[in-house]
Each structure stands twice: as C-alpha cells, then as structure tokens.
Amino acid sequence: MTAAGADDAAAARRYAEARYRLLLLELVCSVCLLLLAQASGISHALARWWVQRTPAESLALLGYLAVFGLAYYAAMLPLHFHGSFVLEHRFGLSRLTLGGWLRREAKHLAVSAVLSAVLLESLYALLRHTPRQWPLLATLGWLVFTVVLARVFPTVLLPLFYKTVPLQDAALADRLLALCKRAGLQALGVFRFDLGAETRKANAALAGLGRTRRVLLSDTLLAEFSPDEIEGVLAHEVGHHHYRHITKLLALSAVGSWAAFALTDAAGRWWVHRLGLQGLWDIAGFPVLVLWLSALSFLSLPLQNGLSRHFEWQSDRFAVSMSQPAAFAGALRRLAQLNLADPQPPRWVVQWFYDHPPITERIQAAERAGNPGRPPGVLSDG
C-alpha cells in the first residue's frame with residue numbers, strides 16, 4: 001500500500017470510529033428522552049392539554065406530534081449537527097456552508113414532518129376505530145405508502161433537494177440505457193443530479209417504479225469516474241431489479257410489519273394498564289409506542305441487514321457479469337476513497353448495522369471475478 005493509500009485508510013478508520021461512537025450516543029440519548037417523556041408525566045400533560053382544546057381527535061394528535069416532535073428534534077439537534085455538519089467537515093466530506101446546511105435541514109424537517117404526520121394520523125385512526133383489525137390494516141397501509149413513495153421519489157422528492165436534469169452526454173446515456181435493456185428493464189432516461197455542492201461523495205441509482213424508473217447519476221460520479229466504472233456502478237443497481245430484490249423486500253416487509261404490529265397489539269395491553277392509558281390509541285402513550293417499535297426494529301437489524309448483504313452480493317456478481325470486472329473493482333475502490341468507507345469494520349458492527357458487505361471484501365471479490373476470457377453480459381448465477 002502506498003503512503004497516500006495508508007493515509008486514506010487511516011482517515012477512513014478514524015471517521016468510522018467517530019461514526020460508531022456517535023451512533024451509540026444517539027441511541028442512548030433517544031431512549032433516555034423517550035423514557036423521560038413517558039415516566040415524568042410530560043407526555044400525559046401534553047396530551048391532556050391538546051385534547052382539552054380541540055374536540056377533533058386528528059387535530060389533537062397533530063398538535064401533540066408538532067410539540068413533541070419539535071422538542072425531541074431540539075434535544076437531539078446538537079448530536080445531529082455534530083454528525084451531519086461538524087464531522088463531515090472535519091474529514092473533508094462536506095462542502096456545505098452553515099447557511100446551506102440550515103436550508104437543507106429545513107427541507108428535510110418539513111418533508112419528514114409531512115410524511116410522519118400522514119403515517120401517524122393513519123395509524124392512530126386505525127388504533128381507535130379498528131382495534132381488532134388494525135395490525136393487518138396497518139401492514140397494508142404501510143405497503144401502499146412504501147410503493148407510492150418509491151414511485152414519486154425521483155419525480156417529486158429528489159428535485160426538492162437536488163437539481164435534476166437529463167444527462168447531456170448522449171453516448172454515455174445510450175450505453176447505460178442499453179445496459180438496462182440487456183437486463184430486461186425499461187428506464188425513462190438518464191438524469192444527472194447535483195450532489196457536488198454538498199459533498200465530495202458520489203452516488204448512482206436506478207430509482208422509481210414502472211413509468212417513473214430512471215437512471216440517476218451524481219455530478220461527482222460523472223466527474224470522478226470513467227464510463228466503464230459508471231457502467232459497473234449502474235450494473236450493480238440494475239442487479240437489484242434483475243433479481244427482484246425490491247419485490248422480495250416488500251414481501252418480507254409485509255411479514256415483518258404484521259409481526260411487529262401483532263406483537264405491539266399483544267404487548268400494548270400490558271403497558272396500557274400500567275401507564276393508565278385509555279388504549280393504544282391514547283396519544284399520551286406515544287413515547288412508549290415509539291420506544292417499543294424502535295426496539296423491535298433494532299432487534300431485527302441482524303436479520304434485515306444479513307438479507308440485505310446477501311442481495312448486495314448478488315448484485316455485485318451481476319455487475320461483474322454485465323460490465324468489466326476490473327472497472328467495477330476500480331469503481332468500488334474509488335467510492336471507498338471518496339466516501340471514506342471503513343476498510344476493516346468490526347465483525348459485530350457488520351453483522352448488526354451493515355446493509356452492505358464491507359467494501360474491502362467487495363473489491364477483492366470483484367478483482368477475483370476478473371477473467372479476460374469471459375465476455376461481459378454473461379450471467380454467472382440465476
């Protein structure tokens with residue numbers, strides 16, 4: 001390894017360690033805040049205040065969520081700011097000014113507030129009006145919401161944060177659309193989105209469903225990567241669609257969501273009684289409901305991420321079969337450098353938190369797959 005490579009690896013390791021510490025601190029602080037809000041009576045007092053001032057259940061819930069959400073956000077803001085601004089600048093990843101960060105954060109907060117309000121208003125309506133059927137209905141609602149969000153992401157949500165325009169490089173666009181066609185996929189077109197004003201990181205995606213599906217390339221990717229490397233990166237994304245990973249994840253999400261809601265329905269009877277709530281639909285119990293669902297999600301992470309890593313390996317194999325293996329390995333190496341990916345994460349961190357295999361393992365696998373005698377486009381697994 002060259003001196004520059006050793007320096008990059010050391011920086012990536014320091015960045016990863018700082019991220020791991022911050023993640024642990026955020027988890028602890030979040031749990032403490034939710035427990036404090038529930039055990040201290042703050043949540044009960046806030047719920048009563050809003051219920052007494054509006055007879056409409058939906059408005060009382062909306063008011064409660066607005067106050068609770070802003071208070072929670074304010075309490076977590078120092079850690080969030082450190083992670084998304086201070087740490088990113090310390091390691092040379094962010095290009096945002098403080099004003100730019102504030103504008104982006106305001107957009108994120110507004111979009112998150114709207115989406116959260118829709119989800120929670122719907123959930124609490126089901127809890128109140130369909131107390132027996134709500135686990136099944138909530139699962140169906142979550143699936144519909146996920147599909148709609150996937151369809152509108154490239155056309156509605158992404159342009160709120162990044163300027164998106166058709167790619168001007170016709171030769172590269174034709175090459176990438178031909179790759180999609182070889183895999184049996186139709187894409188609306190190839191689009192460039194401006195990520196470079198915010199960060200040096202690079203990204204690509206095959207986003208959307210059906211008629212909204214399109215190839216998305218960041219300006220940083222276009223500036224730093226060769227056409228062969230870009231094709232390899234996109235081939236990996238196409239692999240997810242080729243193997244129907246999205247459909248499989250939706251099906252598994254349905255099963256997992258139903259199980260989580262069913263467990264919530266059963267366990268909720270215990271805490272409803274202990275906390276003096278009228279039912280699961282009582283907004284005074286919102287903190288414990290969030291804490292419970294978060295705990296279920298956290299405990300299921302090893303299973304979820306293990307499956308995700310399996311899918312990522314499948315897509316990597318697809319990428320080296322549909323593009324040039326050496327170029328794909330080079331693209332992964334360049335992505336690792338730009339994004340400061342941890343070259344050797346602790347195994348327990350990988351098992352619990354990584355939805356992708358460690359980047360070093362992916363690079364080595366792509367290099368081993370490089371066989372000049374095998375022409376691109378020949379699939380290696382079904």
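The values are calculated or read from the model by the stated rules, or taken from the named source; none is laboratory data. If you're wondering where the values come from, they're calculated on a predicted model, not measured in any experiment. Cβ coordinates were reconstructed from backbone atoms using ideal geometry, including for glycine residues, and neighbour counts include every protein chain displayed.
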Original post:
Of (1) more than 19 Å from Phe318 (Cα to Cα); (2) part of a loop (DSSP other than H, G, I, E, B); (3) at pLDDT below 85, Arg211 satisfies all except one. Which?
Top reply: (2)
**OP:** Could you list all residues from the range 147-158 that are surrounded by fewer than 16 Cβ atoms within 10 Å (Cβ to Cβ) and either at pLDDT 85 or above or touching a Leu at 6+ places or on another chain (Cβ under 6 Å) (or both)?
**Re:** Val147, Val148, Leu149
Original post:
Ser253: of a type in the set (S, T, N, Q), more than 30 Å from Gly285 (Cα to Cα) and either surrounded by 20 or more Cβ atoms within 10 Å (Cβ to Cβ) or at pLDDT 90 or above (or both), yes or no?
Top reply: no
Original post:
What are the pairs, 6+ residues apart or on separate chains, where a residue within the range 340-357 that is β-branched (Val, Ile, Thr) has its Cβ under 8 Å from a residue that is assigned to a loop (DSSP other than H, G, I, E, B) and at pLDDT 90 or above?
Top reply: Val350/Pro357; Val350/Pro358
**OP:** Of all residues in the range 196-216, count the ones that are within 23 Å of Thr247 (Cα to Cα) and out of contact with any Pro (no Cβ under 9 Å at 6 or more places or on another chain).
**Re:** 7
**OP:** Could you check how many residues of the range 74-132 are small (Gly, Ala, Ser) and not in a helix (DSSP H, G or I)?
**Re:** 2
